[in-house]
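Enquirer: First, the structure itself, so that you have it in front of you.
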Amino acid sequence: MIHNRDDQQTTVNDLGLEGLNRDGAFRTLIASGHQGAGSMPRLCSLDEASLPQKGSTVAQCGRRGHSWNGTSHRGNYHRPGRDSVGDRELVMIGTTNDPSSQAGFERARIQHIIVVMIENRSFDHLLGYLQHEDPCYPNLDRIGAGCPENPDDPRSRWISTSADAGRVLGVNPDHSAAAVIMQLYGRPNPSSTEKPTMTGFVRSYQLRIDGSSPHTKSLLARLADHLSVAWARIRRRPAPIMPSAADIMRCFPEAEVPVLSRLAKEFAVLVNWHSSVPGETWPNRNFAHAATSDGETAIDVRWYDNETIFEQLAAAGRRWGIYHDGVAQVWAFWRLWIRDRRSFHSPGMLLEHIARDSLPAYAFVEPNHGYGRSAGNSQHPGNNLVDDASFTAGEALIGGIYNALVEQPEVFAKTLLLVTYDEHGGFFDHVQPPTVPAPDAKCSPSGFDFSLCGVRVPTVAVSPLIARGPSIARSTTTPRSPRQYAPSSLRTVHR
């Protein structure tokens with residue numbers, strides 16, 4: 001249920017789509033009006049003389065040489081300035097007004113939902129220092145969050161967050177299920193009655209740096225990780241980054257995340273959106289598709305036969321599409337592609353479908369995970385150990401989709417774009433995950449019953465239906481059936 005400032009209420013069923021949010025599905029729609037899709041600002045570079053042509057497949061923001069679908073070409077990098085991506089500065093340009101895209105919310109207004117799910121970043125890490133105009137926004141400058149170096153020692157050094165994160169890391173943070181439990185509770189094996197203290201992030205990263213993190217991944221998954229790191233080292237010269245445990249507390253200033261930050265300030269940033277599982281990528285992505293991880297908190301590389309949102313949509317006569325560049329995790333749901341692959345597309349086709357007004361009811365965008373020549377555009381910290389190519393390309397991915405929508409105001413007027421992250425990747429966040437009803441009776445091999453969400457992740461809802469100016473929407477309902485589950489939990493929305 002959505003409550004906005006006018007006390008209007010909307011459920012995901014009003015949209016004709018089953019939920020994609022673990023706390024009752026897409027509780028992101030704010031009904032009071034934006035100025036309409038026809039007046040949406042677009043993200044572009046200062047050297048653009050005019051709007052790009054319709055159907056353009058290259059983002060107008062992003063490092064030169066990066067197409068939005070993640071195909072990267074190496075180039076000179078300098079630390080970007082305010083509102084820039086790589087070496088191109090961003091400005092907001094208004095487009096022409098269109099009477100068909102005026103503000104206001106009705107059941108038939110949202111006909112398409114696009115979900116872009118990036119990789120492994122916490123809310124505080126990317127948006128904790130966002131300079132939002134709403135005084136209630138949880139800015140870390142005001143909150144003063146931090147974490148002890150050793151949670152077992154009351155005299156331990158306190159390490160505060162800081163707005164000086166780098167895009168290149170020395171060591172990929174541990175985000176295995178066991179590591180996340182340590183991050184949440186400050187130690188392994190907490191009792192079932194304990195509440196998360198958010199005190200173990202520095203300890204967990206120090207163990208990772210020392211090479212003594214607990215391993216809960218399968219042998220195949222660990223081998224894939226090692227091969228991925230080795231391949232990254234082979235194809236590019238490693239950057240001389242010496243890791244420190246305090247690095248896990250470093251967060252980005254908004255100028256270093258210009259696309260996501262600008263959209264968060266222009267539309268709605270969801271400040272209590274948690275990952276579904278205190279664990280790794282696969283179980284959280286499985287929740288996004290099937291409302292369950294089939295009892296897994298670790299990456300278990302196998303086939304999954306759980307019913308997915310895609311099959312539910314097809315049964316309801318609705319079209320869906322998966323847009324991926326390279327290897328896609330969603331392939332693990334074999335029933336989606338074994339008989340018919342027509343709903344799987346290259347990422348460039350998403351821009352074409354927007355331009356032709358032929359989007360499906362539900363479009364899921366899976367980024368390039370870096371299993372190839374390039375580092376991809378997933379922003380996974382493990383793909384940014386030698387340079388920032390993947391991080392920059394991820395920003396370009398988001399900006400390219402947004403620009404394509406703005407260039408087609410009639411399409412944008414009936415589309416919700418949701419940008420989110422599958423899990424936190426081991427980075428610090430100060431908000432305790434909520435407890436929720438378990439989606440089914442399955443438990444993980446360690447006995448976890450899935451009644452606790454994972455760490456907060458950045459999520460931004462983009463739609464002309466979202467009101468300009470500060471607003472807060474609250475939802476306090478909890479899911480009543482497994483079908484109401486999906487990637488994350490939402491309690492509060494800030495505009």
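Enquirer: For every other residue with a beta carbon closer than 15 angstrom to the beta carbon of Cys251, add +1 if it is Lys or Arg and -1 if Asp or Glu, then tell me the sum.
Expert: Numbers: positive: Arg121, Arg142, Arg167, Arg250, Arg456; negative: Asp124, Asp141, Asp164, Asp247, Glu254, Glu256, Asp429.
Taking every Cβ under 15 Å from that of Cys251, the sum is -2.
Enquirer: Additional query: Calculated FRET efficiency, Asp340 and Lys442, Cβ-Cβ r, R0 25 Å, to nearest 0.05?
Expert: Details: r = 29 Å, r/R0 = 1.15.
Efficiency for this residue pair is about 0.30.
Enquirer: For Val116, what charge total do you get from the other residues with a beta carbon under 14 Å from its beta carbon, if Lys and Arg give +1 and Asp and Glu give -1?
Expert: Local net charge: -3.
Enquirer: Still on this structure, I have one more. Using 7 Å Cα-to-Cβ label points, what is the Asp357/Asn150 separation (nm, one decimal)?
Expert: 6.6
Enquirer: What does the charge dipole of segment 304-450 about its Cα centre add up to, to the nearest 20 debye, if the Cβ of each Lys and Arg holds +1 and the Cβ of each Asp and Glu holds -1?
Expert: Details: 10 positive and 18 negative charges, 112 e Å.
The calculated dipole for segment 304-450 is roughly 540 debye.
Enquirer: What is the distance, in nm, between label points placed 7 Å from the Cα along the Cα-to-Cβ direction at Glu133 and at Asn189?
Expert: 5.3
Enquirer: Going by how many other Cβ atoms sit within 10 Å of their own, how do Ile248, Ile299 line up, fewest first?
Expert: Working: Ile248 31, Ile299 23.
In increasing order of surrounding Cβ atoms, one gets Ile299, Ile248.
Enquirer: Just grab the label-to-label distance for Arg319 and Ser451, each label 7 Å out from Cα along the Cβ direction, in nm (one decimal).
Expert: The answer from the label model is 4.4 nm.
Every number in this text was worked out from the coordinates using simple rules, so none of it is lab data. All values reported here derive from a predicted model rather than from experimental measurement. So basically every Cβ, Gly included, is an ideal-geometry build from the backbone, and we count neighbours across all protein chains shown.
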